[in-house]
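The values are calculated or read from the model by the stated rules, or taken from the named source; none is laboratory data. Please read all numbers here as calculations on a predicted model, not as lab measurements. Don't worry about glycine lacking a Cβ; one is built from the backbone with ideal geometry, like all the others, and counts go over all protein chains shown.
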Amino acid sequence: MSFVSELRRRQVFRTAAWYGGVAWVAIEVANTVFPNFGLPQRSVRAVIVTALLGLPLVLALAWWFDLSAAGLRRESS
């Protein structure tokens, strides 16, 4: 079994796509709302950096665990 097919089977690509979408929405909301509350620009940068640093963690969790109708379970090899 190839590495790419293993990534597909464990739904890592799907998780990355969902995370990218949610991170993009969070960044856009922060970019729109934070200035209205008088928060400094570094607050928006903090959201961006958090989103970037969270990606490897989310991908690792997607590799190790499977979210199914039965709930969260450890992925078997």
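Please work out which residue is surrounded by the most Cβ atoms within 10 Å (Cβ to Cβ), limiting yourself to the stretch 34-64 and to residues that are more than 18 Å from residue 20 (Cβ to Cβ) and in contact with a Phe, Trp or Tyr (Cβ under 9 Å, 6 or more places away or on another chain). Break it down into steps so the answer makes sense when it comes.
Quick first cut of the stretch 34-64, residues more than 18 Å from residue 20 (Cβ to Cβ) only: 34-43, 45-46, 64.
Filter once more, keeping what is in contact with a Phe, Trp or Tyr (Cβ under 9 Å, 6 or more places away or on another chain): 40-41, 43.
Values: 40: 10, 41: 10, 43: 15.
Checking each candidate, the answer is 43.
Number of residues in the stretch 38-77 that are assigned to a helix (DSSP H, G or I), in contact with a helix residue (DSSP H, G or I) (Cβ under 9 Å, 6 or more places away or on another chain) and either hydrophobic (A, V, I, L, M, F, W, C) or modelled with pLDDT under 85 (or both) equals 12.
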